[in-house]
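To start, the structure under review is shown below, and the notes come after it.
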């Protein structure tokens, strides 16, 4: 699935923020969701949270804390491989530990 796909000008992260789903916010960000994406009202996901809520704190954390190089590398490889990533990753000539990491295992 494309974590940044917009439906009715809203990303899945906007939807998760509106519904205060912290666990979904974390999963979407881990898989590359853009925390700075703006909807048709020019609002970011954090703008739909209640100040002081756990979902607001989660999104504010991601806005102020850059992803690790390790996570950015994983996202870059998976993005380059596209929708066939899971099939192709297993065929890479790299250690099994790296394959497991790329497959989120």
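For the reader, a short list of remarks on this structure follows.
- Qualifying positions in the range 35-61 - touching a helix residue (DSSP H, G or I) at 6+ places or on another chain (Cβ under 7 Å) and within 27 Å of residue 74 (Cα to Cα): 35, 37, 39, 45, 46, 54, 55, 56, 58, 59, 60
- Condition met for residue 64 (farther than 21 Å from residue 2 by Cα and surrounded by fewer than 15 Cβ atoms within 10 Å (Cβ to Cβ)): yes
- Scope the range 1-17; condition farther than 20 Å from residue 79 by Cα and buried (at least 16 other Cβ atoms within 10 Å of the Cβ); matching residues: 10, 14, 15, 16, 17
- Odd one out for residue 39 among (1) touching a strand residue (DSSP E or B) at 6+ places or on another chain (Cβ under 6 Å); (2) in contact (Cβ under 8 Å) with a residue 40 or more places away in the chain: (2)
- Among the residues of the range 18-33, those identified as in a helix (DSSP H, G or I), touching a helix residue (DSSP H, G or I) at 6+ places or on another chain (Cβ under 7 Å) and more than 17 Å from residue 65 (Cβ to Cβ) are 18, 24.
- Pairs with Cβ under 6 Å, 6+ apart, first in the range 6-33 and on the phi < 0 side of the Ramachandran plot, second surrounded by fewer than 17 Cβ atoms within 10 Å (Cβ to Cβ) and not in a loop (DSSP other than H, G, I, E, B): 22/54
Readers should treat all values here as calculations from the given coordinates under stated rules, not as data from a laboratory. Bear in mind the structure is a predicted one, so any value in this text is a computation, not a measurement. Don't worry about glycine lacking a Cβ; one is built from the backbone with ideal geometry, like all the others, and counts go over all protein chains shown.
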